[in-house]
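Visitor: Mind having a look at this structure? Questions to follow.
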Amino acid sequence: MKIYTGKGDEGKTSILGPDKLYKDDIRIHAYGTIDELNSLIGLISLEVNEEIRPFLTKVQNNLFDIGSDLASVDPLNSISADDVSGLERAIDKFEKELPKLKSFILPGGSKASAWLHVGRSVTRRAEREITTLSRKSKINKHIIPWINRLSDLFFVWARYSNLKEDIVDVKWEASSR
């Protein structure tokens, strides 16, 4: 089977079902960003603590489900309230070891933390695009909460990674004007 078909050479792509959409349609942007995030997690998994890695594999599988869901004009309901709760449990698990946060922090510290912050910001972009899509089309109601929790989990993992490497998070200092 050839990897190239030429079917997208006119700027359109197929989605699940009979429709073809322009490649700059918000639906394509939304699941394209999910695909980008999934690829980024492949890189992140090379840098993170062993405790985080199994969670990332589960997240990647969920992202494939979400991508399929978003590629369909009829919601597939691939993500459930239980999946959202699963992310909340993971947040609680890792956050309980962290010192209380009393100010904003700058992204970075360890290499793993820096990558996790990039994951957080790509997740936020996906959330914005999926929100835009949700105003135009019906989507699975659990996707946006799941994506929202995932960005929170990336933030917690970034802090956790710094903690495990004995790196202090750098506090944001507002410019004096």
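Visitor: Sequence neighbours fewer than 8 away in the same chain don't count; with that in mind, list the aspartates and glutamates whose C-alpha is under 19 Å from Lys2.
Guide: Glu10
Visitor: If we sort 104-117, 39-52 on the protection proxy, mean other Cβ atoms within 10 Å, highest first, what's the order? Intermediate results must be reported in sequence, preceding the final value.
Guide: Details: 104-117: 18.9, 39-52: 15.7.
Going from most to least packed, we get 104-117, 39-52.
Visitor: Under 8 Å for C-alpha pairs, at least 6 residues apart: give me the relative contact order for the chain, rounded to a whole percent.
Guide: Values: 212 pairs, mean separation 48.1, N = 177.
Result for the chain is 27 percent.
Visitor: Mind checking the alpha-carbon convex hull of the range 121-173 and giving the volume per residue in Å³?
Guide: Values: hull volume 4.2 nm³, N = 53.
Dividing the Cα hull volume of the range 121-173 by its residue count gives 79 Å³.
Visitor: Sticking with this structure for a sec: Identify the residues of the range 67-108 with backbone N under 12 Å of a label point that sits 7 angstrom from the Cα of Val168 along the Cα-to-Cβ direction, or state none.
Guide: In the range 67-108, the label zone of Val168 (backbone N under 12 Å from the point 7 Å along Cα→Cβ) covers no residue.
Visitor: Projected area of the range 61-114, taken from the Cα convex hull and averaged over every viewing direction, in nm²? Display every interim value, and only then the final one.
Guide: Details: hull surface 23.4 nm².
Mean shadow area of the hull around the Cα atoms is 5.9 nm².
Visitor: Here's something else I'd like to know. Taking the Cβ of Glu51 as the centre, find all other residues whose Cβ is under 12 Å away and add up their charges (Lys, Arg: +1; Asp, Glu: -1).
Guide: +1
Visitor: Could you give the radius of gyration (one decimal) and Dmax (whole number) of the Cα atoms in the range 65-161, in Å?
Guide: Calculated on Cα positions, Rg and Dmax stand at 14.8, 44 Å.
Visitor: For the chain, give the magnitude of the charge dipole about the Cα centre (Cβ charges: +1 Lys/Arg, -1 Asp/Glu; no others), in debye to the nearest 20. Kindly include the intermediate steps, with their values, before the conclusion.
Guide: Working: 27 positive and 26 negative charges, 87 e Å.
The calculation lands at about 420 debye.
Visitor: Expressed in nm to one decimal, what extension gain is obtained for the pair Asp82 and Lys58 from 0.36 nm per residue of sequence separation less their Cα-Cα distance? Spell out each step's value before the answer.
Guide: Details: separation 24, 0.36 × 24 = 8.64 nm, distance 1.34 nm.
Extending this stretch completely gives an extra 7.3 nm.
Visitor: Considering only Cα-Cα distances, which of the following residue pairs are longer than 26 Å: Lys96/Lys138; Lys20/Lys136; Lys58/Lys141?
Guide: Working: Lys96/Lys138 36 Å; Lys20/Lys136 16 Å; Lys58/Lys141 20 Å.
Violating the 26 Å Cα-Cα cut-off are Lys96/Lys138.
Visitor: Rounded to the nearest 10 degrees, what's the angle between the helix 53-70 long axis and the longest principal axis of the chain, both from Cα atoms, 0 to 90?
Guide: 30 degrees
Visitor: If I fit a long axis through the Cα atoms of helix 143-164 and take the longest principal axis of the Cα atoms of the chain, what angle between them do I get, 0 to 90°, rounded to 10?
Guide: In the chain, helix 143-164 runs at an angle near 30 degrees to the longest axis.
Visitor: Quote the FRET efficiency, to the nearest 0.05, computed for Leu98 versus Thr132 with a Förster distance R0 of 45 Å and r equal to the Cβ-Cβ distance.
Guide: Values: r = 33 Å, r/R0 = 0.72.
So the FRET efficiency works out to roughly 0.85.
Visitor: Related question: In Å³ and rounded to a whole number, note down the convex hull volume per residue for the Cα atoms of the chain. Could you put the intermediate results ahead of the total?
Guide: On the way: hull volume 28.2 nm³, N = 177.
Dividing the Cα hull volume of the chain by its residues yields 159 Å³.
Only the coordinates and a few stated rules stand behind these numbers; no lab work does. Given the structure is predicted, the values throughout are model-derived calculations rather than measurements. Every residue, glycine as well, gets a Cβ built from its backbone with ideal geometry; the counts of neighbours run over all protein chains shown.
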